[in-house]
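First comes the structure, then the notes that go with it.
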Amino acid sequence: MKRDVERIERLLDRLRIKEKDSEARKIYAEVFDERTLKTLYKLSAKGLIQALGGVVSTGKEANVFYADGRIDGDDRPLAVKIYRIETTEFFKMDEYLFGDKRFDMRRISRKELIFIWVEKEFRNLERAHNAGVNVPEPYEYLKNVLLMEFLGEDERPYPTLFELKRELPEVVNVEDLYAKVKENLIRLYRKAELVHADLSEYNIVLKNDEPYFIDMGQSVLADHPLASEYLERDVRNLLRFFSKYGVKERPEEVVTEIKG
Ligand SMILES: Nc1ncnc2c1ncn2[C@@H]1O[C@H](COP(=O)(O)OP(=O)(O)OP(=O)(O)O)[C@@H](O)[C@H]1O
Ligand SMILES: [Mg+2]
């Protein structure tokens, strides 16, 4: 037990954590198991992570951290999304993975499921990014860790629409924003041929008046057997949120418009 703690302390030392106070270090020690620390260390050794920064978000399935990164020779701020390996919330993953022709689920053990999930999130983001959809550019993934473009400034993330809520009409023209969300949704469906499948005010970040879609692990190809169902659900979620600001559209019509 003591040796575990020592090993973890040594790994933490090697990760060059930016915050020198004991608090940040304690959070890292609590949320990261030894395997995850080793994965982070590998990404540091490759030069992709230069220094780990503070916590951006802690959730049930994943934690997101800030990091100073170096991608293709350029200094870039990174969002480091780390899935919890011991999580029990992953039963739902099956639904989004089975039926995806990109992954052969017959050979997959429960432990490997999470690594595939991370690969899927990376590939979904890459597909969306290549199609010109506003998403954080994905840079690298390894095991349960995903490195992507940090949407924020001075190590602080831009707000989600959920976080802005009441202030939203003060910072942006909501009608324009809704139109931009729909444009991105159309590009996502028609060009990237993806359905987000967990779209709501929680997974849209506002960067300079532009909506950015995040959190795409569960996104599925448009030919997935449940794709239409998920698209309808996404549209209903969006309309539920935007109707509070006077947007009045019918979900069936919006779905038809997106499908084109
Ligand atoms: N690329 C990014 N840049 C800046 N902040 C980000 C980025 N990705 C995620 N975040 C922040 O981290 C939060 C959680 O990220 P995300 O939605 O991807 O995880 P999650 O799967 O919802 O995690 P959980 O369900 O466990 O809470 C987001 O709400 C956002 O505030
Ligand atoms: Mg989320």
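The values are calculated or read from the model by the stated rules, or taken from the named source; none is laboratory data. Every value quoted in this text rests on a predicted model; they were computed, and no experiment measured them. All accessible areas refer to the heavy atoms of the entire protein, side chains included, with ligands and DNA or RNA removed. Shrake-Rupley method; radii C 1.70, N 1.55, O 1.52, S 1.80 Å.
Across the range 175-189, computed HN-Hα scalar couplings (Karplus, 6.51 cos²θ - 1.76 cosθ + 1.60, θ = phi - 60°) run 4, 4, 4, 4, 4, 5, 4, 5, 4, 5, 5, 5, 5, 4, 6 Hz from first to last residue, x flagging Gly and Pro. Residues K120, K207, K248 ordered from highest to lowest accessible area at a 1.4 Å probe: K248, K207, K120. Kirkwood hydrodynamic radius of the range 158-259, from the reciprocal of the average inverse Cα-Cα distance over all distinct pairs: 13.6 Å.
Based on the reciprocal of the average 1/r between different C-alpha atoms, the Kirkwood radius for the range 2-153 equals 16.3 Å.
So what is the relative contact order for the chain, in percent, with contacts set as C-alpha pairs under 8 Å and at least six apart? Walk me through the intermediate numbers first.
Values: 391 pairs, mean separation 37.7, N = 260.
Answer for the chain is 14 percent.
What the phi angles of the range 238-255 give under the Karplus curve with 6.51, -1.76 and 1.60, with θ = phi - 60°, is a coupling list of 4, 5, 4, 6, 6, 5, 5, 10, x, 6, 10, 9, 8, x, 4, 5, 5, 4 Hz, glycine and proline written as x.
Rounded to the nearest 5, what % of the DSSP beta bridges within the chain are antiparallel ones?
Of all bridge pairs located within the chain, approximately 95 percent are antiparallel.
Taken over the alpha carbons of the chain as equal point scatterers, the Debye sum produces base-10 log I(q)/I(0) values at 0.11, 0.15 Å⁻¹ of -0.64, -1.12. Among the listed pairs K120/K259; K38/K182; K143/K248; K46/K120, give every one whose C-alpha distance is greater than 32 Å. The pairs that break the limit, which is 32 Å between Cα atoms, are K38/K182; K143/K248. Counting only DSSP H runs of at least 4 residues, each contributing -39500 (n - 2.57), and dividing by the residue count of the chain, the helix-based mean residue ellipticity at 222 nm comes to -13000 deg cm²/dmol.
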